[in-house]
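Below is one structure, written out as structure tokens; the observations come after it.
The values are calculated or read from the model by the stated rules, or taken from the named source; none is laboratory data. Everything quoted here is computed from the prediction, not taken from an experiment. Positions of Cβ are backbone-derived with ideal geometry, glycine not excepted, and every protein chain shown enters the neighbour counts.
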Amino acid sequence: MSGPITLSSGAVSVVVEPAFGGRITAFRHGDKNIFAPVPADGSRDLAAPASCGCFPLTPWSNRIRDARLSLEGETFDLAATEIPAGHAIHGHGLRRIWSAESDNSVARMHYAHTAGVQGWPWSYRAAQIVAVDGDGMTVTLSVLNTGEGAMPAGLGLHPYFPRTAGMRVTLPVETAWPPTEAGKFPVAGGQPVPVEQDLRNPAPVPLGLDQGYGGWARTATIAWPEAGMAVTMTGEGPLEHVIVYTPSHRDYFCIEPVTHAIDAANLAENQGLAGTGHRMLAVGAELSVSVRFTIEVL
């Protein structure tokens, strides 16, 4: 099965598209969108996916600088997927057609990666389960190392939420990983969170952000009072980091639960930074996370 899959329970409905990178293209309560919908003219081109819904991040999150991965003194040249910047971005999952099976409320998807494809020298199997109930949705994502050596591994989700004037966000984190002025990569971690970015209490989301934070409390709430709706994300597993993307010229924003900082492997290997979330997955081992999206009617 590769066509769109519709899941529903009570007032909650979800559309999953295995052929569109395993993306959740709709998440609604009644007629209200929790995720930013696919634009009317939105492309489903896997090489240039649209900014909408929620896609899986596997086997890494966000950017790898210059598409070059450093590990134990060896450098691996990956396929550059952020054009024209030349970085490798968001892993492979969003550009793959996933195999799928489903019933009324659960979709199970997976794909297998062959060592060497897009320069990634390890084979692995990725799986994603989307389960819907009357209060929301749970997404479970995993990666299994099927190769012959340990591989770097990271996971996460990349949801797009509608941005409105009355929207309020609660996002408790411990540290900021600010990028350099000229780029999108942090040079240090564990920085104090600036006052204007402190979202421990509900507040409008600051605009113009594209950066990571550490020490995520594994909970975040987005409320749209004007729509009488809120959703709370609750993470399970090693989701110690979160990426916040708030482009000022768009009607959406992103809060991405992830297992590691931007460019985590290179920061850890080349700069010796601690707390990046960089991890090596042994042969036959599996990394798994889940994110619960609970809807509240205000």
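Observations on the structure shown:
- Residue that is at pLDDT 95 or above and on the phi > 0 side of the Ramachandran plot, where the choices are Gly235, Gly215: Gly215
- Meets criteria (under 18 Å from Thr246 (Cα atoms) and surrounded by fewer than 18 Cβ atoms within 10 Å (Cβ to Cβ)) for Pro202: yes
- Looking across the stretch 141-177, the residues that are within 30 Å of Ala115 (Cβ to Cβ) and among the hydrophobic types (A, V, I, L, M, F, W, C) come down to Leu141, Val143, Leu144, Ala150, Met151, Ala153, Leu155, Leu157.
- Pair list, Cβ < 7 Å and 6+ apart or interchain, from the stretch 51-80 residues that are under 13 Å from Pro152 (Cβ atoms) to residues that are aromatic (Phe, Trp, Tyr) and part of a loop (DSSP other than H, G, I, E, B): Leu78/Trp120
- Flag if Gly30 is touching a Ser or Thr at 6+ places or on another chain (Cβ under 6 Å) and either surrounded by fewer than 23 Cβ atoms within 10 Å (Cβ to Cβ) or of a type outside the set (A, V, I, L, M) (or both): no
- Any hit, the stretch 229-241, residues being among the small types (Gly, Ala, Ser) and touching a Pro at 6+ places or on another chain (Cβ under 9 Å): yes
- Per the listing Ile129, Ile64, the residue uniquely at pLDDT 95 or above, under 15 Å from the mean Cα position of the chain (by Cα), of a type in the set (A, V, I, L, M) and within 20 Å of Gln211 (Cα to Cα) is Ile64.
- Residue ID - farthest from the chain's Cα centre (by Cα), chosen from residues in the stretch 75-104 that are more than 29 Å from Val132 (Cβ to Cβ) and crowded, with 16+ Cβ neighbours inside 10 Å: Phe76
- Odd one out for Thr114, checked against (1) surrounded by fewer than 17 Cβ atoms within 10 Å (Cβ to Cβ); (2) hydroxyl-bearing (Ser, Thr, Tyr); (3) touching a Leu at 6+ places or on another chain (Cβ under 9 Å): (3)
- Scan of the stretch 13-46 for residues that are at negative phi, of a type outside the set (D, E, K, R) and in contact with a Lys or Arg (Cβ under 7 Å, 6 or more places away or on another chain), ordered by number: Ser13, Phe20, Ile34, Leu46
- Qualifying residue in the stretch 249-258 (condition: part of a loop (DSSP other than H, G, I, E, B), modelled with pLDDT of 95 or more and closer than 22 Å to Ala88 by Cβ): no
- Only one entry in Ala126, Ala107, Ala131 is part of a strand (DSSP E or B), surrounded by 16 or more Cβ atoms within 10 Å (Cβ to Cβ) and touching a helix residue (DSSP H, G or I) at 6+ places or on another chain (Cβ under 8 Å), namely Ala126.
- Odd one out for Gly208, checked against (1) on the phi > 0 side of the Ramachandran plot; (2) of a type outside the set (Phe, Trp, Tyr); (3) in a strand (DSSP E or B): (3)
- Against the conditions (1) modelled with pLDDT of 95 or more; (2) surrounded by fewer than 18 Cβ atoms within 10 Å (Cβ to Cβ), Ser51 satisfies every one except (1).
- Number of positions in the stretch 173-184 that are more than 12 Å from Val244 (Cβ to Cβ) and either assigned to a strand (DSSP E or B) or at pLDDT 90 or above (or both): 2
- Among the residues of the stretch 44-71, the ones that are touching a strand residue (DSSP E or B) at 6+ places or on another chain (Cβ under 7 Å) and small (Gly, Ala, Ser) come to 4 in all.
- Strands (runs of 3 or more DSSP E) contained in the stretch 1-100 and holding at least 1 residues among the basic types (Lys, Arg): 23-29, 68-71
- Only a single item in (1) touching a Ser or Thr at 6+ places or on another chain (Cβ under 7 Å); (2) farther than 30 Å from Asp31 by Cβ; (3) part of a loop (DSSP other than H, G, I, E, B); (4) not β-branched (Val, Ile, Thr) is not met by Asn266, and it is number (3).
- Filtered residues of the stretch 144-170 (kept if part of a loop (DSSP other than H, G, I, E, B), in contact with a Leu (Cβ under 8 Å, 6 or more places away or on another chain) and crowded, with 17+ Cβ neighbours inside 10 Å): Ala153, Gly154, Leu155
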